[in-house]
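Comments concern the structure below.
The values are calculated or read from the model by the stated rules, or taken from the named source; none is laboratory data. A quick note: this is a predicted structure, and the numbers were derived from the prediction, not measured. Note that we place each Cβ from the backbone using ideal geometry, even for glycine, and neighbour counts take in every protein chain shown. Side chains are part of the model used for accessible areas, which takes the heavy atoms of the whole protein and leaves out ligands, DNA and RNA. Shrake-Rupley method; radii C 1.70, N 1.55, O 1.52, S 1.80 Å.
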Amino acid sequence: MTVTETAATPATTPLPEGLADALKAVLGPKGWSDDAHELAPHVADWRGRYQGSTPILLKPTSTDEVAACVRLCHEAGVAITPQGGNTSLCGAATPMGEVLLTLKRMTAIREVDIDNDSMTVEAGCVLENLQTLAADHHRLFPLSLGSQGSAMIGGLISTNAGGVHVLRYGMTRELVLGLEAVLPDGTIWSGLTGLRKDNTGYDLKQLLIGAEGTLGIITATTLKLFPRPARMEVAFCGLKSADDAVKFLGLAKQVSGGAVTAFELMPRMALEMVLEHVPGTRDPLTGEHAWYVVCEMSFGRADGARETMEDALGQGFEAALIEDAAIAENDSQIHDFWRLRETIAEAERAHGKAVKHDVSIPVSKMPAFLSQATAAVEAAFPGALVVAFGHVGDGNVHFNVAARAAGADDGFIAEAAPLSRLVYDLVDSFGGSISAEHGIGILKRTELASRKPVDVAVMRAIKSALDPKGIMNPRVLL
């Protein structure tokens with residue numbers, strides 16, 4: 001499959017005789033389904049790009065049930081697709097005829113250890129609920145992204161999700177202390193621990209983090225918690241260039257002593273899409289600007305927080321890096337500022353289909369990449385509209401290519417497909433990555449194989465060792 005190819009709906013292969021009955025016996029009447037209505041939201045991806053199928057949906061409520069199901073499928077040589085909140089953007093959780101196992105009923109909070117600043121939760125817990133749980137204990141769980149109202153922690157760990165706070169707190173793998181998982185033969189590996197230091201050989205949890213369900217099914221995790229900031233300041237800034245944004249990022253980090261927790265960049269056309277397609281949004285600034293930044297700072301003390309943000313903005317104005325800015329006066333305005341950034345994907349989808357690229361570039365080289373890649377795409381495809389936005393604080397750009405006219409469909413995707421190779425070649429030339437935070441899934445596996453053959457060979461060796469029958473999410477990543 002090419003990087004932009006849309007998968008056809010696969011035929012569902014009947015299960016071996018007796019397997020369905022055995023799975024149903026393990027899970028009970030509420031633990032499985034083959035009802036087409038219930039299956040429908042599970043067999044299509046969030047973007048509407050992949051339409052899959054499954055002979056049966058398994059809905060276990062415990063690690064023991066997951067292990068029993070995996071063991072039965074392993075013995076029968078039947079493939080499994082694990083699924084969390086089904087918010088993957090690369091088709092990693094869409095079954096193409098495999099047995100589908102959802103973790104959505106595994107939502108137990110096993111422990112909150114305040115003195116250790118950790119919590120142990122099951123894989124089906126929704127991210128937003130975990131943020132609330134941490135806040136209820138006067139702590140912060142900093143992973144934050146647009147799909148947090150439906151994305152589940154097991155899937156987020158399996159894809160090593162990023163989000164808007166990577167600048168301060170790192171990727172998901174840096175927030176995980178321990179894991180529990182079911183391996184491809186049904187063995188339960190219990191690696192749950194609250195330890196910050198454990199130097200006893202290979203760090204096995206890191207094999208599962210980002211493996212996209214190809215090496216096992218994550219069933220529970222122990223996560224890091226952090227002190228809740230006493231005060232958060234958020235500014236919405238207008239700038240004339242991406243280069244000025246990168247320079248202002250450095251200035252803001254220096255002035256605040258490292259208090260910048262998020263720094264998001266978006267172009268004028270992205271803001272215009274949001275204002276047009278997302279009800280209740282408005283531009284906080286009076287004039288139009290080529291680029292915009294959402295800058296968030298978090299402080300351990302409320303005293304001096306506003307003054308620090310004002311000082312950073314003031315120096316930004318003096319250095320001619322900022323053209324205009326507004327500071328949120330309350331939580332409602334903070335929400336409104338962030339909504340302008342977080343609903344870009346929703347607005348893009350309303351505008352029409354687009355060829356999307358989740359790439360990362362060294363922060364210092366991001367302005368040059370944006371300039372060269374935009375010029376190259378527009379020259380190669382005159383009808384293209386580049387919508388490039390993302391986490392400038394950590395170098396992650398969502399470099400998307402839409403049609404200038406609204407209403408683009410699959411025909412545009414097919415016509416613009418060659419642009420992906422052009423974009424990825426430029427990413428390589430800047431020392432970047434073709435997948436910053438979304439993973440590989442089905443969408444990018446061909447590109448991964450062609451660009452990193454040695455890496456893929458090592459991954460295949462690991463996959464073969466842990467999953468010799470190749471039953472665990474077999475189409476994904478490799």
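Set Lys and Arg Cβ to +1 and Asp and Glu Cβ to -1, take the dipole of the stretch 130-220 about its Cα centre, and tell me which of L140, G186, A161 lies farthest positive.
L140
What percentage of the solvent-accessible surface of the chain, computed with a 1.4 Å probe over protein heavy atoms, is contributed by carbon and sulfur atoms?
Details: 10020 of 19280 Å².
The C+S portion of the solvent-accessible surface of the chain is 52 percent.
I need the peptides 35-44, 344-353 ranked by packing, meaning the mean over residues of other C-beta atoms within 10 angstrom, with the highest value on top.
Working: 35-44: 13.3, 344-353: 18.9.
Ranked by mean Cβ neighbours within 10 Å, highest first: 344-353, 35-44.
Sort 59-71, 460-472 for me by packing, meaning the mean count of neighbouring Cβ atoms within 10 Å per residue, highest on top. Kindly include the intermediate steps, with their values, before the conclusion.
Numbers: 59-71: 21.1, 460-472: 15.6.
My ranking of the peptides, most packed first, is 59-71, 460-472.
Work through the residues other than G178 whose Cβ is under 14 Å from its Cβ and net out their charges, Lys, Arg +1 and Asp, Glu -1. Write out the running numbers ahead of the final one.
Details: positive: R110, R173, R196, K197, K205, K224; negative: E111, D113, D117, E122, E174, E180, D198, D203.
Counting the neighbours of G178, the net charge comes to -2.
Please get the size of the charge dipole for the stretch 387-459, origin at its Cα centre, with Cβ charges of +1 on Lys and Arg and -1 on Asp and Glu, quoted in debye to the nearest 20. Mind dumping the intermediate values first?
Details: 6 positive and 9 negative charges, 22 e Å.
That gives the stretch 387-459 a dipole magnitude of about 100 debye.
Once phi is turned into ³J(HN,Hα) by the Karplus curve 6.51 cos²θ - 1.76 cosθ + 1.60 with θ = phi - 60°, what whole-Hz value does each residue of the stretch 351-363 show in order, with x for glycine and proline?
Listing the rounded values in order: 6, x, 5, 9, 8, 10, 9, 9, 10, 10, 9, x, 3 Hz.
Treating only the Cβ atoms of Lys and Arg (+1) and Asp and Glu (-1) as charged, compute the dipole magnitude of the chain about its Cα centre; round to the nearest 20 debye. Working shown, then result.
Working: 41 positive and 58 negative charges, 184 e Å.
Here the chain has a charge dipole of around 880 debye.
How big is the charge dipole of the stretch 269-426 about its Cα centre, in debye rounded to the nearest 20, if each Lys and Arg gets +1 on its Cβ and each Asp and Glu gets -1 on its Cβ?
Numbers: 11 positive and 25 negative charges, 117 e Å.
With Lys and Arg at +1 and Asp and Glu at -1, about 560 debye.
Classify the stretch 355-453 as rounded, prolate or oblate from the Cα gyration tensor: take a ≥ b ≥ c as the square roots of its eigenvalues, call it rounded if a/c is under 1.5, otherwise prolate when a/b beats b/c and oblate if not.
Working: a/c = 1.67, a/b = 1.23, b/c = 1.35.
Since a/c reaches 1.5 but b/c is at least a/b, the shape of the stretch 355-453 is classed as oblate.
Rounding to the nearest 10 and keeping the result within 0 to 90°, find how far the Cα-based axis of helix 127-136 lies from the longest principal axis of the chain.
Its long axis makes an angle of about 70 degrees.
Near K444, which lysines are there with a Cα under 22 Å away, not counting those fewer than 8 places off in the same chain?
Those lysines meeting the cut-off are K353, K356, K452, K463.
Can you give me the angle between helix 305-318 and the longest principal axis of the chain, using Cα atoms only, in degrees from 0 to 90, rounded to the nearest 10?
60 degrees
Excluding same-chain residues fewer than 8 positions from K59, which aspartates and glutamates have a Cα within less than 16 Å of its Cα?
Excluding near neighbours in sequence, the set is D21, D34, D35, E38, E98, E122.
Could you tell me which of A457, L101, M266 has its Cα farthest along the dipole of the chain towards the positive end, charges placed at Cβ (Lys, Arg +1; Asp, Glu -1), taken about the Cα centre?
Projecting each Cα onto the dipole axis, the largest value belongs to A457.
Report the calculated FRET efficiency for Q51 and S150 (r = Cβ-Cβ distance, R0 = 22 Å), to the nearest 0.05.
Given R0 = 22 Å and the Cβ-Cβ separation, E is 0.70.
Order the peptides 100-110, 392-402 from the highest to the lowest mean number of other Cβ atoms within 10 Å of their residues. Kindly include the intermediate steps, with their values, before the conclusion.
On the way: 100-110: 19.6, 392-402: 24.5.
Answer by packing, highest mean first, reads 392-402, 100-110.
Would the stretch 100-176 count as rounded, prolate or oblate if I go by the C-alpha gyration tensor, calling it rounded below 1.5 in a/c and otherwise prolate when a/b exceeds b/c, oblate otherwise?
Numbers: a/c = 1.65, a/b = 1.08, b/c = 1.52.
Cα axes put the stretch 100-176 in the oblate bin.
Rounded if a/c is under 1.5, else prolate if a/b beats b/c, else oblate: with a ≥ b ≥ c from the C-alpha gyration tensor eigenvalues square-rooted, which is the stretch 40-161?
oblate
Hey, can you find the accessible area per residue of the chain for me, probe 1.4 Å, expressed in square angstrom?
Values: 19280 Å² over 478 residues.
Accessible area per residue, the chain: 40 Å².
Between A350 and E415, what's the calculated FRET efficiency when r is the beta-carbon distance and R0 is 25 Å? Round to 0.05. Before the final figure, lay out the partial values.
On the way: r = 20 Å, r/R0 = 0.82.
Efficiency for this residue pair is about 0.75.
What order do S88, S429 take when sorted by accessible area (1.4 Å probe), most exposed first? Please report the intermediate quantities before stating the final value.
Numbers: S88 25, S429 85 Å².
Result of the area sort, largest leading: S429, S88.
Quick check on the chain: helices-only [θ] at 222 nm, where DSSP H runs of length 4 and up contribute -39,500 (n - 2.57) each and the sum goes over total residues. Nearest 500, please. Write out the running numbers ahead of the final one.
Details: 17 runs with 165 residues, N = 478.
-10000 deg cm²/dmol, from helical runs alone.
How far is the Cα center of the stretch 232-262 from the Cα center of the stretch 68-109, in Å?
After rounding, the separation between the Cα centres reads 41 Å.
Report, to the nearest 10°, how far helix 268-277 tilts away from the longest principal axis of the Cα atoms in the chain, using its own Cα long axis and a range of 0 to 90°.
60 degrees
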